[in-house]
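The values are calculated or read from the model by the stated rules, or taken from the named source; none is laboratory data. As the structure is a computational prediction, the values presented were derived from the model and not from experiment. All Cβ positions, glycine included, derive from the backbone under ideal geometry; neighbour counts span all protein chains shown.
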C-alpha cells in the first residue's frame, strides 16, 4: 500500500465525512484523518473552463477536476439558483477513465427565465463557479414558438451569472428598423 494521502468522501447516513488514510513522517505509521483535521477536501476540486458544449450551442459545459480517491455516486454536481427560489441540479460525469477529470453539461433550454448563479458541490463541500467568459456568444433557441436566449449576465463581476430570458420581439423589431 502506498503512503500517499488518499482522501475518501464517505456517506455516513445524514452527512458526508472526509476520511484520509496517510502515513506519518518519519515513522511511516498508517493514520486516519477523519473530518479534515489535516487534509481538506476543497483543494481536491477545481473548475477549468466554461464554454458552450461542442456540437450543442444550447448546452453550457463546465469542465474540471475532482481528485478524492473515492466519493459517492451522484455526489458531484453543479447547483444553480435564480435568487427567487428556483433551483436546478446537473450531475457531473467522468471525462476520462482516470485522473478525476469531469464534465457537467447544463442544457440552458431547460432553465426558466432569470439570472442564474451557482456552485460546484461535492456533498456538503462547495466551490463557486468561475465567471462565464464575457466574449461567449449568446445561445438562442425557441420555446413554445417564441425566441429565447442565454448569455453572460451584465454586471456580474467575478461570479458565474447566466441570464436566461425570452427575446422581447417588439424591441428586436424596433432595433432592426432603426437606421
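In the set (1) in contact with a helix residue (DSSP H, G or I) (Cβ under 9 Å, 6 or more places away or on another chain); (2) under 17 Å from residue 63 (Cα atoms), the condition left unmet by residue 128 is number (1). Of all residues in segment 73-95, which are surrounded by fewer than 17 Cβ atoms within 10 Å (Cβ to Cβ), at pLDDT 90 or above and assigned to a loop (DSSP other than H, G, I, E, B)? Selection gives 84, 85, 86. With the structure loaded, tell me whether residue 163 is more than 18 Å from residue 112 (Cα to Cα), within 18 Å of the chain's Cα centre (by Cα) and either in a helix (DSSP H, G or I) or modelled with pLDDT under 95 (or both) or whether it fails that test. Answer is no for this residue.
A count restricted to segment 121-160 and to residues that are outside any strand (DSSP E or B) and surrounded by 18 or more Cβ atoms within 10 Å (Cβ to Cβ) stands at 5.
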